[in-house]
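The values are calculated or read from the model by the stated rules, or taken from the named source; none is laboratory data. The shown structure was predicted, so the numbers you read here are calculated from the model rather than taken from an experiment. Because the Cβ atoms are built from the backbone with ideal geometry, glycine has one as well, and the counts that use them run over all protein chains shown.
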Amino acid sequence: MENIGLYLHIPFCDGKCAYCDFFSKCGNQNDFDTYTENLCKAIENYSKIYKRKVDTIYFGGGTPSLIGNDRLCSILQTATKFFDVDNEAEITLECNPTSRWQLDFAKLHKAGFNRLSIGLQSANDDELTVLSRKHTAKEAKYTVDMARKSGFTNISLDLMLCIPKQTKESLQKSIDFCKECDVEHISAYILKIEENTPFYKMKDSLSLFTDDEQADIYEFAVNQLSAYGYKQYEISNFAKVGFESRHNLKYWHDEEYIGLGPSAHSFINGKRFYFPRNIESFYNNETVFESSGGNEDEYIMLSLRLTEGLIFEKFEDRFNHKVPKEIFDRAKALENAGLVTINEKSLSLSVKGFLVSNSVISHLLQ
């Protein structure tokens, strides 16, 4: 059987950013202890149900660093004790630039963490204020330097595009900052206004970008990152060669994974299910069946998020037949509009196509 990924959700934050719709809540030391205990128990229980080898582990949130070194190490040790974790597994920890006050990066690296994903968002302090982030660009640089000195050789920085009042000049400064930090990976995603966020409540007063302005900023970012050696491999992700996120590639290759924690989703043994967005449901192991997974439409949809696109040979190996002819028929019209590229090996979206990916994919799969 193929290896799986393991996603571990740490739902605690010390405050909610204005744009964030991820499940998180404030907590104290007792909350952290109780959650760690329950998460470790869930890891043990699910390892007995799904006896699969794990080759990626991802600690997401929330702000995982908030619970501290000892709890994080304990959770990872539990995962490696009960799951058969590959010796070369990619083990990622999400953290904020303020994490240097909470974490001992050397201790975490020694425990087995080998990849960091740091939520920079911007290297412009005025933009960070708009986003209600609690760090400065200077703190972010210090955090990257501390991680480097502690042995981390695989670091990702998050960048946000189309922040209110962002300009190409300010975005260039953020991209230059990432280059100067010499990180291996960059996630650059367009701000989306989600319901139940402060930004949604104040959206009419925000200086939001039009669709054309978003397209201009996105294409500018893609070109600048490429010029600096960060190859785009997914709609919002760029990496130096060999440093693509192996865990996230599992999602886009429609491979299986287990997600543990409130709001965490799983795709395992052909089924998709998730934990509701509250901690008590997770403690009680209450899950919600979402759907069967891994069908042809789902595989095509996820593949088209990648710059490699839908590789025909891989599709045929998985489903034992060729890509349906009607997909090609619909794709030809989109190719004439500059939204997709078709060759003898694959079907992929262009940069222009990525900007309207939902519409393009819906049209292909209608």
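Suppose we filter Leu206, Leu159 for residues that are closer than 14 Å to Gly119 by Cα, crowded, with 16+ Cβ neighbours inside 10 Å and either aliphatic (A, V, I, L, M) or touching a helix residue (DSSP H, G or I) at 6+ places or on another chain (Cβ under 6 Å) (or both); which single one remains? Residue meeting the stated conditions: Leu159.
Scan (1) free of Cβ contacts under 8 Å to residues at least 12 places away in the same chain; (2) of a type in the set (Ser, Thr, Tyr); (3) in contact with a helix residue (DSSP H, G or I) (Cβ under 7 Å, 6 or more places away or on another chain) for the single condition Ser359 breaks and write down its number. Unmet condition: (3).
Which of the residues belonging to segment 143-176 are over 22 Å from Ala111 (Cβ atoms) and in a helix (DSSP H, G or I)? Can you show your working first?
First, pick out the residues of segment 143-176 that are over 22 Å from Ala111 (Cβ atoms): 157-176.
Lys168, Glu169, Ser170, Leu171, Gln172, Lys173, Ser174, Ile175, Asp176 - these are the residues of segment 143-176 that are over 22 Å from Ala111 (Cβ atoms) and in a helix (DSSP H, G or I).
Tell me, please, whether a residue that is out of contact with any strand residue (DSSP E or B) (no Cβ under 6 Å at 6 or more places or on another chain), of a type in the set (A, V, I, L, M, F, W, C), without any contact (Cβ under 8 Å) to a residue 40 or more places away in the chain and surrounded by fewer than 17 Cβ atoms within 10 Å (Cβ to Cβ) can be found in segment 280-295. No, segment 280-295 has no match at all. Report yes if Glu184 is buried (at least 16 other Cβ atoms within 10 Å of the Cβ) and assigned by TED's automatic domain parsing to the domain that holds Lys165, otherwise no. Taking the combined requirement at face value, the residue satisfies it.
The residue of segment 73-94 that is surrounded by the fewest Cβ atoms within 10 Å (Cβ to Cβ), among those that are small (Gly, Ala, Ser) and assigned to a helix (DSSP H, G or I), is Ser74. Could you please let me know if Leu128 is crowded, with 21+ Cβ neighbours inside 10 Å, without any contact (Cβ under 8 Å) to a residue 24 or more places away in the chain and in a helix (DSSP H, G or I)? Here the answer is yes, as Leu128 does meet what is asked. Every listed requirement among (1) over 24 Å from Glu280 (Cα atoms); (2) at pLDDT below 90 is met by Asp14 save one, (1). Contact map, segment 206-223: first residue under 17 Å from Ser350 (Cβ atoms) and among the small types (Gly, Ala, Ser), second residue in a helix (DSSP H, G or I) and modelled with pLDDT under 95, Cβ cut-off under 6 Å, separation 6 or more or different chains; pairs are Ala215/Leu355. Quick one: Glu280 ticks every box in (1) in the same structural domain as Thr34 (by TED's automatic domain parsing); (2) of a type outside the set (A, V, I, L, M, F, W, C); (3) not in a loop (DSSP other than H, G, I, E, B) except a single one, so which number is it? Tallying (1) in the same structural domain as Thr34 (by TED's automatic domain parsing); (2) of a type outside the set (A, V, I, L, M, F, W, C); (3) not in a loop (DSSP other than H, G, I, E, B), Glu280 fails exactly one: (1).
When residues in segment 200-232 are screened for being modelled with pLDDT under 95, in a loop (DSSP other than H, G, I, E, B) and either farther than 21 Å from Lys165 by Cβ or among the aromatic types (Phe, Trp, Tyr) (or both), 1 of them pass. When segment 35-88 is limited to residues that are touching a residue at least 60 places away in the same chain (Cβ under 8 Å) and of a type in the set (Ser, Thr, Tyr), the one that is nearest to Ile268 (Cα to Cα) turns out to be Tyr50.
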